[in-house]
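To keep things clear, I will list the structure first and then write my remarks on it.
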Amino acid sequence: MENNVVEIVSFKLNPGVEKNAFLESNIAVEEFVKTLPGILYRSLCCNEETGEWSDIVYWQTMADAKHAQQAFMQSECCGKLMQLIDPESVSMQHTEVLAALECCVQAESA
């Protein structure tokens, strides 16, 4: 069985781009990402001190992650989001999940 994959993209916004404008543009991207095969989880984080953002996505397989990467580059809404990002600041990595803690399970109500 193939391990799940984590995609981590780090980046900074272009000078003058406000956080709220970026988050507004991200709404369409979230809707797009939800349609991609193999999506398990996505979070978008920002370090307020450094201005560095992290987009963290869990995929079922590496093939799903690679397919999503190609689909992202061809998507109009993703292209609009990318215009807000400093291309020189972008780094991306895909890594296999080797261990995981199920910490987000809701407790059954009594």
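Taken together, the values in this text are just the output of simple stated rules run on the coordinates, not laboratory data. For clarity, every value in this text was computed on a predicted model and none was experimentally measured. Neighbour counts run over all protein chains shown; Cβ positions are idealised from the backbone, glycine included.
Quick notes on this structure:
- Over the chain, relative contact order from alpha-carbon pairs under 8 Å, at least 6 apart, %: 45 percent
- Estimated purely from DSSP H runs of n ≥ 4, each contributing -39500 (n - 2.57), the mean residue ellipticity at 222 nm for the chain is -10000 deg cm²/dmol once divided by its residues.
- Taking label points 7 Å from Cα along the Cα-to-Cβ direction, Thr50 and Ala99 give a separation of 2.4 nm.
- Our summary of shape: the Cα atoms of the chain have principal axis extents of 47, 35, 23 Å, ordered from largest down, in whole angstrom.
- Residue-wise HN-Hα coupling along the range 37-43, computed from phi with Karplus coefficients 6.51, -1.76, 1.60 (Hz; x: Gly, Pro): x, x, 5, 10, 6, 9, 9
- Under the simplified labelling scheme, the Glu24-Asn3 pair shows an inter-label distance of 4.1 nm, with each label point 7 Å from Cα along Cα→Cβ.
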